[in-house]
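Undergrad: Sending over a structure as structure tokens; questions will come in a sec.
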Amino acid sequence: MGEASPHKQTRVGIDVRALQDENYATKGIGQHAAYLLGLLRGFEGIQLAPFGDPSQRVLRHEHLDLFEVPMGGMHDLSCDVYLNLSPLTHDTSLFVSAARRGVRTGAVVHDFIPLRQDSLLTQDERKAAYSYLVRTLGRYDFLLANSWFTETEICALLPECREKVVTLHCRSRFREKSIHTTSANRRQNWRDRVRNLKDNEQYIFFGAADDPRKNVDIAIQSALELKALGLRLVLGGGLSDPTRKRLSRQYPEQFYLADPVILPRLGDEELLEAYAGAAFVLVCSLDEGFSLPVAEGIALGKNVIASDIPAHREQILDPLLLFNPHDVQSLVNAAKYAQFLPEQRASFSGLYRAFDYDAEADRFRALVTDSSVKRSPARSGLTMVGPSVGKPSGIAVYNKLLLAELSKKRKTVTYVDVDELEAERFYEWLFDHQFSDIIYVMGNNNVFHSRCFTALSNVPGACIMHDSRLFEFLLNREGPYRVADIWNARHRAQPIDISTVIEWQKERRLLPYSFLDPLVSHASVMFVHSKILAAHIQETYDFSGVHYLPFALQMTTKELRFVTDRRRSKPRYSVGPLRLVMLGETEPIKGCCELVLALKMLLMTGFTAELSFVGKSEEPYHSELCDNARRLGLEGSIHFTGYASRQTYLDFLAAADVVIQLRYPLFGQVSGPLGDAVACGVPVVTTEELAVGTELEECCSVVPNIFSPLHIATAIRELLATGAAAAQKSKINRMSGYVDQLLSAYSRARTP
């Protein structure tokens, strides 16, 4: 696939995730990307194909028009060359997928500014994550620096990349002729928008942004001195209200006497007018990889004064146009010098550097049409990633049994709990395993699965999904904004706000959506343990890589024998109170409050019964259950074990008259205790989706998905009346058969 024939088009796959993100699309990264994509469109024999994140917003029209085909995702990645427009701002999933397919890969590198920021250096997790992205640059086949300064930084950080870096300088989307196309009426209309700006008043234009790195403070501090030179300070970058208020409080004299103009964010036409009417342009940045405002001013024939940093020295040759970004007088001196320089590009000789954009475009064309074969990287052995087998969770029990069975079959599998690794070690592991075959065991626990989720987001692999409640995971990990973004990207006609997400979280029962986009967009294949969930994923997300595997019994042969032997000698419930048991952590999604009310109904109709919640019961839900029990007079009939050891779990399973395992729709796809109870012959009450999805409806008393306490109480009474038991053990998939099915399905679906 890496070889391009002269008789066919070279398909260039563009990683457009930076253009889906408003933080980058309308700023320097987006503008430079548009320039590069425009070049590619102009090369003969090139077809551009966009690849991004389906769960994010659609591309802006100006970017969408650059492509001839619709946007695809990781699963559609088919191209001869893969180009990442912003490799240091998004995960590595698309790059890893392209490299595994033997595609030639390239990346556009803008800067390494975070490496010089305290906010990165003092946070171990962020620093390690960013260092991982930087190290990954070394695995691309070619790199496109946006300046010589950035090229030098690449070579210093990654000496092995010296031979594969090419510089393509950022280029302004404006040209000098653009100014001459602006009419007097349009210019007057723009000036009318600017508060108190007189017709003939000269101004210096600063395209500010709400970022401390842009150094707005030095511009405001110099406003009085600039006004003394007959120059009004105009800022046009959309400073936020808090920033404007802070500046006015901090520099009241400058605001009162110099009256700087702070404009909202400007569109392209307005920005062009702002440049056109300016005496000259001001750029105060403390750090840049390249500066588009400098390039835009020069391209429009405007003089530019800028802070004395490497990226600006590359563009501005005359040192008198550069100033110390921390010194007001230095800025004012540069302004005095620029005031008397002639305008127009013809007079710029010796003041500004003229880059050979045509020669750079030729080098770019040669890179993307290179017909050399790119071989796929070597793949290491199978690795499984999940929580430690010693952790207190159902997935940990599953993993322990799974690994034991794999070892019996002499399958060499490395098992790693990445959430136990420190930040630096985790990202080192991730870098070392970018081309490994990985099966991720995922749940909804933000403690046990956070790094597992991060690993899957960067290095695609198979995913065994035990729990479909990604709503809570995303809410805990990233907050309600991410959940709202996912909803609004998929349901544009029915947008929601943050308050709606918060309201959903309060209820935690029924959601109108399952929020699996981050998994289905990154996992190469997904294994689920519910037929209903498999169909939901395939239909809702148009994801054909989902496979249903009947869930495996989560008990050893010894444990199964222990419970069944105990149950043979167990007296029937008639000699004592009816023992109702719910196994697992208490949660609203499991109908615990409804179960308490069902117990009250049973007691009111003459039954003698006790209800035990066997597992963690955390606040605030635990107090809600206790309050309900107290109001109903059930304090002596309801018991909470708290965290239950494995032996406690088995003892309650052996003693139970009825096991109740409920789930509201979309919350969870399996219940380990449900399968255990069926295998041990314990009567079970469960919900329709859980029973049908796991093919156990014939073994259980089934209540509707939208259940009430009356449904639960009625099901329990019917079980007791018929004396039915869930003794169809043939319905339960043993771990031995499960492993065979898993390995067979994984072999067929193995990522390329």
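Values quoted throughout were computed directly from the atomic coordinates according to the rules given, and no laboratory measurement underlies them. Here the structure is a predicted model, which is why all the values come from computation and not from measurement. Positions of Cβ are generated from backbone atoms using ideal geometry, with glycine treated the same way; all protein chains shown enter the neighbour counts.
Undergrad: With a 10 Å Cβ neighbour count serving as the proxy for reagent exposure, in which order, fewest first, do LEU653, LEU560 appear?
TA: Sorted ascending by nearby Cβ count, the order is LEU560, LEU653.
Undergrad: With θ taken as phi - 60° and the coefficients 6.51, -1.76 and 1.60, list the Karplus ³J(HN,Hα) couplings across the stretch 578-594 in order, rounded to whole Hz; mark glycine and proline as x.
TA: Here the 3J(HN,Hα) series is 5, 9, 9, 10, 10, 9, x, 4, 6, 8, x, 5, 9, x, 5, 4, 5 Hz.
Undergrad: Under the Karplus relation 6.51 cos²θ - 1.76 cosθ + 1.60, θ = phi - 60°, what is the ordered set of whole-Hz ³J(HN,Hα) values for the stretch 130-147, x standing for Gly and Pro?
TA: Each residue of the stretch 130-147 in turn: 5, 4, 4, 5, 5, 4, 5, 3, x, 9, 6, 7, 8, 10, 10, 7, 8, 6 Hz.
Undergrad: Let me ask something additional. Among PHE355, THR556, PHE280, whose Cα sits farthest toward the positive end of the charge dipole of the chain (+1 at Cβ of Lys/Arg, -1 at Cβ of Asp/Glu, about the Cα centre)?
TA: THR556
Undergrad: Now a separate question. Would you mind ranking HIS466, HIS622 by Cβ crowding within 10 Å, fewest neighbours first?
TA: In increasing order of surrounding Cβ atoms, one gets HIS622, HIS466.
Undergrad: Rg/Rh for the stretch 10-167: what does it come to with C-alpha atoms and Rh from Kirkwood?
TA: In the stretch 10-167, Rg relative to Rh is 0.95.
Undergrad: Can you work out the FRET efficiency for the pair ASP327 and SER388, with r the C-beta to C-beta distance and R0 = 51 Å, to the nearest 0.05?
TA: 0.35
Undergrad: Tell me, in nm to one decimal, what length is gained between ARG490 and SER407 on full extension, where the rule is 0.36 nm per residue of separation less the Cα-Cα distance?
TA: Extra length available between ARG490 and SER407 comes to 25.6 nm.
Undergrad: Here's another thing I want to ask about it. May I have the count of lysine pairs in the stretch 374-466 with C-alpha atoms under 29 Å apart, counting pairs 8 or more residues apart or located on different chains?
TA: Lysine pairs meeting the criterion: 7.
Undergrad: While we're on this one: Multiply the residue gap between THR540 and ARG477 by 0.36 nm, knock off their C-alpha separation, and tell me the result in nm, one decimal place.
TA: Between THR540 and ARG477, full extension yields an extra 20.3 nm.
Undergrad: Hey, fewest Cβ within 10 Å first, where do THR89, THR150 land in order?
TA: Fewest-to-most Cβ neighbours within 10 Å comes out as THR89, THR150.
Undergrad: Once every DSSP H run of n ≥ 4 in the chain is given -39500 (n - 2.57) and the sum is divided by its residues, what mean residue ellipticity at 222 nm do you get, rounded to the nearest 500 deg cm²/dmol?
TA: Here the helix-only value at 222 nm equals -12000 deg cm²/dmol.
Undergrad: Here's something else I'd like to know. Counting other Cβ atoms within 10 Å, keep those with at most 11, restrict to DSSP loop, and tell me which trypsin sites (Lys or Arg not before Pro) in the stretch 355-447 are left.
TA: The qualifying sites are ARG375, LYS409, ARG410.
Undergrad: Could you work out the relative contact order of the chain, using alpha carbon pairs under 8 angstrom and six or more residues apart, expressed as a whole percent?
TA: Computed over the chain, the figure is 10 percent.
Undergrad: Give the aspartates and glutamates reachable from LYS336 as a straight Cα distance under 18 Å; neighbours fewer than 8 places away on the same chain don't count.
TA: Correct list for LYS336: GLU201, GLU225, ASP308, ASP318, ASP327.
Undergrad: Let me ask something additional. Over the stretch 557-732, with a single point scatterer placed on each C-alpha, what log10 of the ratio I(q)/I(0) does the Debye formula yield at q = 0.08, 0.16, 0.18 1/Å?
TA: The Debye formula, applied to the Cα set alone, gives -0.21, -0.93, -1.21.
Undergrad: Once you place label points 7 Å from the Cα toward the Cβ at LEU286 and THR152, how far apart are they in nm?
TA: 2.1
Undergrad: Can you pick out the pairs among LYS27/LYS164; LYS198/LYS227; LYS590/LYS616; LYS531/LYS616 whose Cα atoms lie more than 22 Å from each other?
TA: Cα-Cα > 22 Å for LYS27/LYS164; LYS531/LYS616; rest within.
Undergrad: Find the percent of Cα-Cα distances in the stretch 176-354 that exceed 22 Å, and round it to a whole number.
TA: 40
Undergrad: Just want to confirm a number: the relative contact order over the stretch 176-354, from Cα pairs under 8 angstrom separated by 6+ residues, in percent.
TA: This gives 23 percent for the stretch 176-354.
Undergrad: With charges set only on the Cβ (+1 for Lys and Arg, -1 for Asp and Glu), what does the dipole of the chain come to about its Cα centre, in debye to the nearest 20?
TA: That gives the chain a dipole magnitude of about 1560 debye.
Undergrad: Sequence-distant or interchain residues sharing an amide H contact under 5 Å with ILE660, placed H: which?
TA: VAL581, MET582, LEU583, VAL685
Undergrad: Another question, if that's okay. Stretched out fully, how many nm does the piece from ALA749 to ILE498 gain, at 0.36 nm a residue minus the Cα gap?
TA: Net length gain for the segment: 86.6 nm.
Undergrad: Would you mind computing, in nm to one decimal, how far apart the modelled labels at ASP358 and GLU718 are, each placed 7 Å from Cα along Cα→Cβ?
TA: 8.4
Undergrad: Sticking with the crude label model, points 7 Å out along Cα→Cβ, report the distance from LEU632 to GLU62 in nm, one decimal please.
TA: 6.2
Undergrad: Also, quick follow-up: Which translational diffusion coefficient, to the nearest whole µm²/s, is obtained for the chain from the Stokes-Einstein equation, given a Kirkwood hydrodynamic radius over C-alpha pairs, 10 °C and 1.306 mPa s?
TA: Rounded to a whole number, D works out at 53 µm²/s.
Undergrad: With θ taken as phi - 60° and the coefficients 6.51, -1.76 and 1.60, list the Karplus ³J(HN,Hα) couplings across the stretch 537-544 in order, rounded to whole Hz; mark glycine and proline as x.
TA: 5, 5, 7, 6, 9, 6, 10, 7
Undergrad: List the chymotrypsin sites (Phe, Trp or Tyr not before Pro) in the stretch 300-365 that DSSP assigns to loop (not H, G, I, E or B) and whose Cβ has at most 16 other Cβ atoms within 10 Å. Which are they?
TA: Qualifying residues, ordered by number: PHE340.
Undergrad: Non-local amide H neighbours of GLN47 (under 5 Å, H modeled in plane, Pro and chain starts lacking H): which ones?
TA: THR10, ARG11, VAL12
Undergrad: Among all the lysines, which ones have a C-alpha under 19 Å from LYS570's C-alpha, if same-chain residues fewer than 8 places away are not counted?
TA: By straight Cα distance, LYS570 reaches LYS558.
Undergrad: Here's something else I'd like to know. What is the Cα coordinate range of the stretch 439-485 on the first, second and third principal axes, sorted by size from largest, in whole angstrom?
TA: Projected onto the principal axes, the Cα atoms of the stretch 439-485 cover 29, 20, 16 Å.
Undergrad: Which far-off residues, 5 or more places away or on another chain, put their amide H under 5 Å from the one on MET526, with H placed in the peptide plane?
TA: When sequence neighbours closer than 5 places are left aside, the close amide H contacts are CYS463, VAL546, HIS547.
Undergrad: Run the dipole for the stretch 20-114 about the Cα centre, Lys and Arg Cβ at +1, Asp and Glu Cβ at -1, nothing else charged, and hand back the magnitude in debye, nearest 20.
TA: Value, rounded to 20: 160 debye.
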